[in-house]
Amino acid sequence: MSSVGHADFVVTQALPAARPKARVVPLTLVTISVGGLFMLPLFVESTYILHMMVLIFINVIVGSAWNILGGYTGQYSVGHAAYFGVGAYTTMMLLQFRQVAPWIGIWAGAGAALVTALIIGSICFRLRGPYFVLASIAVAEIFRVSALNLKNITNGAEGILITELPPLKIGETVITDWSEKIPFYFTGLIFALIVIVVSRMVLRSKLGYFFQAIREDQDAAHSLGINPTLYKNSALALSAIFTSLAGSLYAVYVGFIDPSTVLGLDLSVQIVMICIIGGVGTIFGPVIGALVLVPLSEALRSNVITDLLIRSGIVHEDSKVGAFLKENLAHAHVLIYGILVVIVILFMPEGILGFFKKLAARRRKA
Amino acid sequence: MEIFIQSLISGILIGGVYALIGIGLTIIFGVMRVINFAHGDLLMLGMYATYGLFTIFHIDPFVSILITAPLLFLFGAFLQKVFINRVLGALPQNQILLTIGLGLIMSNAMMLAFTSDYKILSTTYSSSSVKILGISISSPLVISFAITAAITAALYWFLLKTNTGQAIRATAQDREAARLMGINVKRMSIIAFGLGTALAAAAGGLISPTYYIFPQVGSVFTLKAFVITVLGGMGSVIGATLGGVLIGIAESVGGVYIGSGWKEVIVFVLFLLVLLFKPSGLLGKSRT
């Protein structure tokens, strides 16, 4: 990989002044926003905003996790619900049926997801392009139907509900009893930061260059001595572990899982959408995607949009349309995913982040 | 033994309808190399259209295919011209995501309009059955199989004998060569997508007397359609016909002997095995 290092060196040589300057601004921005996120619960008391933030963190984690496999390595898995569900189910089953605390179960879930990923990878990575996509969907569906049918260990379609969450203790001091949103907020934030930092480290490492070489041209990468099977499986393993962490976090936070919510095809599609809408193969793409998607679908779900339409006088509350929107719009929050993805694919195929980067580049030229 | 024969026959009968769904998907893939992830949602639209015609105008679901299929043909042609046509040269991932997005819009728009309640279209013959050689078979299945056979025969005639049909097959074989021979490839794409949609709508109409109708019903059929087309070989119409019947039998017989909850697993395991050991499908020639 000396050639890659060399290329990097040339860039630094050619732009000696521009590089450090360009780095200082984003670095301060990142530091300020991360600091702000850690301080946020001090100023914000609204549980609704904290709830939204937790959901955003979970989405950032799954989005970034998918991005490692789909964005950097170019393997479009539309079956990531399998790893999300394996994590969620392992944690929940250990908690409800074996009384294992979730902060231990979550690592068991990650281990289970890793094993799953290695098995699935060894089967599905023989396939390429659309065939890989179809195989990944089929595998996730096998998991969903199995969870539905193995009633004695998964509770089947009834799902698993947390009846009691043990308090987190160090020695005898209780740190939190999980009755508020704040502990979940910090757990989510820390996990999301870890996943983003690891993504960045991977992207800038030798491993990341191998991933990208496979994405650009698998056969050419292979002929240069990069073992595609090995590195595709490594990308999947990393991706699956992070996805399962998000799954476990979601399960414990919401307190309830069933096969269709944590193993369904809808979830797999939503995971891909986070990256597509934000920008595939970029570190901050999934962050942008989560920031756009979560508030939008939550606004639809909680009828904020209907309230706005009524309050602004566009739709009358007592009219048929108003009643209809109030009744139904909340159920159709996935509609926004559909509309957004069609717009993004047709008009900004590099995602929101790529679109604005291009716009900025054009302005600089002009 | 009687149970086996009974499940085998009902498998073949339902397999005929599956074949129709698979043929629609395979024609679209053959001509445009686009995997249509909204295929099941188009079928769902066909089901709702049939349901609407039945409840408002009291048109028999099997007769209403004459209305719903042409309507959905136009809708499919519209989808191709406005959306799919723009991504024909794009990355396969983007094509897949676009059709997923369109499918989500369709199913959620239907949910918005008609809620996610299950609707049942019950005709006078919905639960009746006929006895053939001492084996009783649900009569809507028999009627729908007869109609499926007629539609499939007409389709084969269209593809093999008419000029447009031959042009569609030529486009599927080699888009560039077809263009050089003076075939209007763009038009063929529009017709192919319309045709695929009309077939999905017809299948939707055919199963509506025996199936629950709800906005999310599509995804089950989208997955089934993939299995069928991959099994038969992507782009092969005969393969899709065979694949449909095979999946019908596997589901029906497997459901009886392994348990109805597991029948989907049987289908997906079969799918993975074919993908791994014969990715070109049972009748496919090449992968590209």
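So here's what we get for this one:
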item	result
Cα shape, the stretch A:139-237, gyration tensor, a/c 1.5 rule	oblate
Options B:Ile143, B:Leu195, B:Met106, ranked by Cα towards positive dipole end of the stretch B:105-199, top entry (Cβ charges)	B:Leu195
Residue among A:Leu193, A:Leu168, A:Leu95 with the largest mean-square fluctuation in a Gaussian network model of chain A, springs linking Cα atoms under 10 Å	A:Leu168
Gap separating the Cα centres of the stretch A:249-328 and the stretch A:145-188, nearest whole Å	23 Å
Long-range amide H partners of A:Thr176 with built H, under 5 Å	A:Leu168
Chymotrypsin sites (Phe, Trp or Tyr not before Pro) restricted to DSSP loop in the stretch B:56-113 with at most 10 other C-beta within 10 Å	none
Helix-only [θ]222 nm of chain A, DSSP H runs n ≥ 4, -39500 (n - 2.57) each, per residue, nearest 500	-24500 deg cm²/dmol
With at most 14 other Cβ atoms within 10 Å, longest stretch of chain B clear of loop trypsin sites (Lys or Arg not before Pro) (DSSP)	B:1-284
Of A:Val139, A:Val252, A:Val174, the one that fluctuates the most in a GNM where chain A has Cα springs shorter than 10 Å	A:Val174
Overall Cα dimensions of the stretch A:194-259, principal axis frame, Å, largest first	49, 26, 15
Phi-based couplings in Hz for the stretch A:103-108 (Karplus 6.51, -1.76, 1.60; Gly and Pro marked x)	6, 9, x, 4, 6, 4
Sorted by Cβ density within 10 Å, fewest first, the residues A:His316, A:His333, B:His39	A:His316, A:His333, B:His39
Descending Cα extents along the principal axes, chain B, whole Å	57, 45, 35
Contour excess over end-to-end distance, with Cα ends at B:Ser129 and B:Ala177 and 0.36 nm allotted per residue	12.2 nm
Ranking of A:His80, B:His58 by count of other Cβ atoms within 10 Å, fewest first	B:His58, A:His80
Over 19 Å [Cα-Cα, the stretch B:140-222], rounded percent	50 percent
Cα-centre dipole for the protein assembly as shown with unit charges at Cβ (Lys and Arg positive, Asp and Glu negative), debye to 20	2240 debye
Calculated FRET value between A:Arg364 and A:Phe324, using beta carbons and R₀ = 35 Å, to 0.05	0.15
Per-residue ³J(HN,Hα) for the stretch B:129-135, Karplus 6.51 cos²θ - 1.76 cosθ + 1.60, θ = phi - 60°, Hz, x for Gly and Pro	9, 10, 9, 10, 6, x, 10
Quotient of C-alpha Rg and 2.2 N^0.38 Å, computed over the protein assembly as shown	1.01
Efficiency of FRET from Cβ geometry, B:Leu66 and A:Ser122, R₀ 45 Å, rounded to 0.05	0.35
Cα-projected label distance for A:Glu298 with B:Tyr118, points at 7 Å along beta-carbon direction, nm	3.4 nm
Of A:Gly225, A:Leu127, A:Val198, farthest towards positive along the dipole that unit charges on Lys, Arg, Asp, Glu beta carbons give the stretch A:127-247	A:Gly225
Convex hull per residue volume in Å³, alpha carbons only, for the stretch B:145-275	120 Å³
Equivalent ellipsoid semi-axes, the stretch A:251-336, via Cα gyration tensor eigenvalues times 5, rooted, Å	29, 18, 11
Sites excluded, GluC sites (Glu not before Pro) in DSSP loops with at most 11 other C-beta within 10 Å, longest stretch of chain A	A:173-366
Gain in span if fully extended, B:Ser136 to B:Lys186, counting 0.36 nm per residue against the direct Cα distance	13.2 nm
Choice from A:Lys326, A:Lys181, A:Lys169 with maximal GNM fluctuation in chain A (Cα, 10 Å cutoff)	A:Lys169
Evaluated at q = 0.23, 0.26 Å⁻¹: base-10 log I(q)/I(0), Debye formula over Cα of the stretch B:183-253	-1.19, -1.30
Integer Hz, Karplus 6.51/-1.76/1.60 couplings in order for the stretch B:113-124, x for Gly and Pro	7, 10, 6, 8, 4, 6, 10, 10, 9, 10, 9, 5
Residues with amide H under 5 Å from that of B:Ser129, placed H, sequence gap 5 or more	B:Ser139
Rule-of-thumb Rg ratio for the stretch B:1-144 [Cα; 2.2 N^0.38 Å; N residues]	1.25
Label zone at A:Val198, where the point sits 7 Å out along the Cα-to-Cβ direction: the stretch A:96-139 residues whose backbone N lies under 15 Å	A:106-118
Values of log10 I(q)/I(0), in the order q = 0.15, 0.17 Å⁻¹, for the stretch A:53-212 under a Debye, Cα-only, solvent-free model	-0.97, -1.18
Residue exposure sequence - A:Phe143, B:Phe37 - by fewest surrounding Cβ within 10 Å	A:Phe143, B:Phe37
Lysine pairs meeting the criterion (Cα under 22 Å, 8 or more apart or interchain), as found in chain A	6
Whole-percent pair-distance distribution, where bins are 10 Å wide, for the alpha carbons of chain A	5, 21, 31, 26, 13, 4, 1, 0
Length gained when the stretch A:Lys206-A:Ser179 is fully extended (0.36 nm per residue, less Cα-Cα span)	5.4 nm
Options B:Tyr48, B:Ser116, B:Asn94, ranked by Cα towards positive dipole end of the stretch B:1-120, top entry (Cβ charges)	B:Asn94
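Bear in mind these aren't lab numbers, they're just calculated from the coordinates by the rules spelled out. Everything quoted here is computed from the prediction, not taken from an experiment. Glycine gets a Cβ as well: all are built from the backbone with ideal geometry, and neighbour counts include every protein chain shown.
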